[in-house]
Amino acid sequence: MIIAVDAAGGEYAPHEIVKGAVKASQEFGVDIALVGKKSILHVLAGRYLRKPGLTIIDASQVIEFHEPPMEAVLSKPNSSIVVGINLIKDGTASAFVSAGNTGAVLCAALLNLGKSNGVERPAICSILDITSSTPVLLIDAGANADCRPSHLVQFAQLGATFAEQVLGMRSPRVGLLNNGTEETKGNRLIQKSYGLLKNTDLNFIGNVEG
């Protein structure tokens, strides 16, 4: 498995990204493809390239944080984000990691990878280290400002699938973040979403007050 890493993404890129990628390759034994300007990456990671597990993929353009995501993705096909996403599309990489423009990553993935059947909108999932034994997933964590009840149900299904397939959790519990635990709490969006979630095959435990 190869993990593509956006070497140009992040406030301290490319230096800190390269350092982290080298460390991950050495400590976890994963193959990493650094995506960015080859001339710069060869200088930063040159001495590590003699060892297996680390390669460089050239990407001549960079999408900055201030750029409108969709416009940037369309106008910069050779950016590290677009090139990295396309490594998944052509089967070279199994995953892509970026600390860069989140909106651009989302747009590039939508345009080049598409969506799973039945999914209307993508979502961002964050893993919260609340307890030492069981991870907690927060989804959606910022990709969508306005949602419909069907979207929240799909986010729950995406999160449950990730928990099962990636984290190895059996029958993960699904809660609806709300301002109270009672079924009647929350606005219309939350109340309608609650009713829909009750009728799914998910291990829905109701509202979670937060």
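Taking Cα centre as origin and charging only the Cβ of basic (Lys, Arg, +1) and acidic (Asp, Glu, -1) residues, the dipole magnitude of the range 2-113 rounds to 440 debye. Other residues with beta-carbon under 11 Å from the beta-carbon of Val82 carry, at +1 per Lys or Arg and -1 per Asp or Glu, a net charge of +1. Farthest toward the positive end of the dipole of the chain, out of Ala141, Gly118, Gly195, is the Cα of Gly118, where the dipole comes from beta carbon charges about the Cα centre.
The calculated FRET efficiency for the pair His15 and Met70, based on their C-beta separation and a Förster distance of 25 Å, comes to about 0.30. The relative contact order of the chain, computed from alpha carbon pairs under 8 Å that lie at least 6 residues apart in sequence, is 15 percent.
The value of relative contact order for the range 2-113, using C-alpha pairs under 8 Å at least six residues apart, is 32 percent. In summary, the lysines within cross-link reach of Lys23, defined as a Cα separation below 24 angstrom excluding same-chain residues under 8 places away, comprise Lys37, Lys38, Lys51. This ranking places Tyr48, Tyr194 by how few other beta-carbon atoms lie within 10 Å of each, fewest first, which gives Tyr48, Tyr194. Computing Kirkwood radius over Cα pairs in Å directly from the structure and comparing it against (1) 18.9; (2) 18.2; (3) 21.3 singles out (1). Other residues whose C-beta falls under 14 angstrom from the C-beta of Gln61 contribute a net charge of -2, scoring Lys and Arg +1 and Asp and Glu -1.
Estimated from helices alone, the mean residue ellipticity of the chain at 222 nm is -11500 deg cm²/dmol (sum of -39500 (n - 2.57) over DSSP H runs with n ≥ 4, per residue). Modelled this way, with points 7 Å down the Cα-to-C-beta line, the labels at Tyr48 and Val136 are 3.3 nm from one another. A simple rule links phi to the HN-Hα coupling: the Karplus curve 6.51 cos²θ - 1.76 cosθ + 1.60 with θ = phi - 60°, which for the range 17-26 gives 5, 5, 4, x, 5, 4, 5, 5, 4, 6 Hz, with x for Gly and Pro. Rounded to the nearest 20, the size of the Cβ-charge dipole of the chain about its Cα centre is 340 debye, with Lys and Arg at +1 and Asp and Glu at -1.
Couplings 3J(HN,Hα) of the range 170-179, computed from phi: 8, 6, x, 6, 10, x, 9, 5, 8, 8 Hz, in residue order, whole Hz [Karplus 6.51 cos²θ - 1.76 cosθ + 1.60, θ = phi - 60°; x for Gly and Pro].
Name the trypsin sites (Lys or Arg not before Pro) in the range 1-85 that are in a loop by DSSP and that have at most 14 other C-beta atoms within 10 Å, would you? Taking the range 1-85 and a limit of 14 other Cβ atoms within 10 Å, the loop trypsin sites (Lys or Arg not before Pro) found are Arg50. Per-residue extension of 0.36 nm, minus the Cα-Cα distance of Lys89 and Asn199, leaves a gain of 36.1 nm for this segment. Restricting the range 90-175 to trypsin sites (Lys or Arg not before Pro) that sit in a DSSP loop and have at most 15 other Cβ atoms within 10 Å of their own Cβ leaves Lys115, Arg170.
Among the GluC sites (Glu not before Pro) within the range 1-92, those in coil by DSSP and having at most 15 neighbouring Cβ atoms inside 10 Å are Glu11, Glu64.
Since every read-out is calculated from the coordinates, none of them should be taken as a lab result. In this text, all values refer to a predicted model and were calculated from it rather than measured experimentally. Every residue, glycine among them, receives a Cβ derived from its backbone with ideal geometry; neighbour counts consider all protein chains shown.
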